[in-house]
Amino acid sequence: MPRPADPAVRRLLVERAARMLADREPVTLRSLVEGTGVSTMAVYTHFGGMPGLWSAVRQEGFSRLTGRLAGVPHTADPVHDLAALGVAYARNALAHPELYGAMFDAGARLADEAAAGAPFERLVEAVARARDEGRLAATTDPRTLATQYWAAGHGLVSLVVQGVLPGDVLAPLSTATTVALLVAAGDGEARCRASVDRAWAAG
């Protein structure tokens, strides 16, 4: 009779696999479970094999990001709230760099692609709100601007996570990029900068 899945073991293996990947260690069944106290069979019990494990690693990264974004409060300032999502994205990546790297490895299929897309949809909604409340031009396309905002932020965060750029440049460079993007979309520069600055100060 197969052993029931254990959430603690599942989490342990997901985090270990992500860490090994980030450290560029070869990941095999044996190397994965070495020193953990669980057998190689646990990979099959919890994931059905190595492909399922990598899928779970990616999914965990998106799940933690979704949880982090859920903690961003709704305020009266839609541009602040939009910037706060970017801050939360960056903070989550810095807190879980190994999972952040695995999230965007498209070689591993996701079990729940809709859940993985939820963080981006939250960003689209925030852009739409900023447009609808008059901070951005009425012609702004929320999905296009959200894509530009995410791409710029992702690139910068990736450089910091990978150690190419020092962490202390993240806030000022992200602020400058965000302000330039949103001003181009119709927001006033001084008002926009104040909103973005508050988001980083609170984050």
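Take every Cα pair under 8 Å whose residues are at least 6 apart in sequence, average their separation, divide by the length of the chain, and the relative contact order is 22 percent. For the range 7-55, the C-alpha radius of gyration divided by 2.2 N^0.38 Å, with N the number of residues, is 0.99.
Computed from the alpha carbon atoms alone, the convex hull of the range 1-89 holds 112 Å³ per residue. Show me the chymotrypsin sites (Phe, Trp or Tyr not before Pro) within the range 80-183 that DSSP assigns to loop and that have at most 16 other Cβ atoms within 10 Å of their Cβ. Of the chymotrypsin sites (Phe, Trp or Tyr not before Pro), the ones in loops of the range 80-183 whose Cβ has at most 16 other Cβ atoms within 10 Å are F104. Counting protein heavy atoms only, the range 124-163 has 55 percent of its accessible area on carbon and sulfur, 1.4 angstrom probe. Put a plus charge on the Cβ of each Lys and Arg, a minus charge on the Cβ of each Asp and Glu, and nothing anywhere else: the dipole of the chain about its Cα centre is then about 340 debye. Only alpha carbons enter this Debye calculation for the range 114-179, each as an equal point scatterer, and the log10 of I(q)/I(0) it gives at q = 0.12, 0.21, 0.24, 0.26 Å⁻¹ is -0.37, -0.90, -1.02, -1.08.
Computed across the chain, the Kirkwood radius stands at 18.3 Å (inverse of mean 1/r, all Cα pairs).
For the range 107-203, the list of trypsin sites (Lys or Arg not before Pro) that fall in a loop by DSSP and count at most 14 other C-beta atoms within 10 angstrom reads R109. Sorted largest first, the spans of the alpha carbon positions of the range 164-203 along the three principal axes are 32, 21, 11 Å. Give me the Kirkwood hydrodynamic radius of the range 89-143 in Å, from all C-alpha pairs, to one decimal place? Final number for the Kirkwood radius of the range 89-143 is 13.3 Å. In the range 38-151 the Cα-Cα distances spread across 10 Å bins starting at 0 as 14, 38, 29, 14, 5, 1 percent of all pairs.
The values are calculated or read from the model by the stated rules, or taken from the named source; none is laboratory data. None of the values given here were measured: they were computed from a predicted structure. Cβ sites come from the backbone with ideal geometry, for glycine too, and all protein chains shown count toward neighbours. Accessible surface is based on the protein model in full, side chains and every heavy atom, while ligands, DNA and RNA are left aside. Shrake-Rupley method; radii C 1.70, N 1.55, O 1.52, S 1.80 Å.
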